[in-house]
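Computed from the coordinates by the stated procedures, all read-outs in this text should not be read as laboratory data. What you are looking at is a predicted structure, and each value in this text was computed from that prediction instead of being measured. Positions of Cβ are backbone-derived with ideal geometry, glycine not excepted, and every protein chain shown enters the neighbour counts.
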């Protein structure tokens, strides 16, 4: 169940990243536009999560679980803003590959340090999964543009933040599934609002750089809300069902879903390298789940 839930999360996260990147692109492809897309997505998600949690009668978390949930949201909000801007700049492959590798490596290292070794076969599987992420996400396509230094840095910040997010969400998961995700949204809404406010009051930031929400951007943002939130809930459930490193590494295969959606929606045919990467990913899944 640990592995199956993580793989399901990867599928939904890949879709959420694709729609989030498209939303940021339609909002101007700037940090301000990305922040607006995140705020719409996370506000819709937060409202639904709180309503369902209250309807179920789930207790609001306190203490460490609340702090971890909010901390996860802060890390996730900053990471998503950087990631969506990187995706909107056209270098989707390099951005997804770098962020995916870091998102898998950080929680895997934390889990091994805190929970002990998962076994030689799984460790080899983690390494193979890392290779698969790179092969899948970094392959060239007809629409790709070379990744600039600024885009690479955005992807690195995003990947580091995602890794921290995974760990924090695992810690917050002791309080259940719905409220940890809702408190994470509290953190992301707060930090993204402050970042957007800072952009709005910056004398050096033009109106174009701040971005704007179009109808298409809002539609993509709401699609992101459904996919990303569902993936997050499945990831929390996966960490509650088993090891963090297994859940994080398998969930970090989400670039495969992003690339397949780009192939379907943008007519970007997967390359031979990406096809090999998907086969390698299948082998990694087998090694990790045995």
Hey, how many Å between the Cα centroid of the stretch 156-189 and the Cα centroid of the stretch 9-54?
15 Å
10 Å-binned pair-distance histogram of the stretch 26-77 (Cα, whole percent):
21, 39, 28, 11, 0
Taking 0.36 nm per intervening residue step and subtracting the Cα-Cα distance, what contour gain separates residue 152 from residue 193 on full extension?
12.3 nm
Debye equation applied to the C-alpha atoms of the chain, log10 I(q)/I(0) at 0.08, 0.13 Å⁻¹
-0.30, -0.81
In the stretch 18-33, whose amide N lies under 20 Å from the spot 7 Å out along Cα-to-Cβ of residue 201? List them in ranges.
31-33
Can you show me the helix-derived [θ] at 222 nm for the chain, built from DSSP H runs with n ≥ 4 at -39,500 (n - 2.57) apiece and divided by the number of residues, rounded to the nearest 500.
-28000 deg cm²/dmol
Expected sort for 72-84, 238-250 on mean C-beta neighbours within 10 Å, highest first, is 72-84, 238-250
Packing-wise, with mean Cβ within 10 Å as the measure, how do 22-31, 174-183, 188-197 rank, highest first?
22-31, 174-183, 188-197
If I build a Gaussian network model for the chain, linking alpha-carbon pairs within less than 10 angstrom, which residue out of 18, 166, 60 has the largest mean-square fluctuation?
60
How large is the convex hull of the C-alpha atoms of the stretch 1-110 per residue, in Å³?
125 Å³
If R0 is 35 Å, what FRET efficiency do you get for residue 278 and residue 47 from their C-beta distance, rounded to 0.05?
0.45
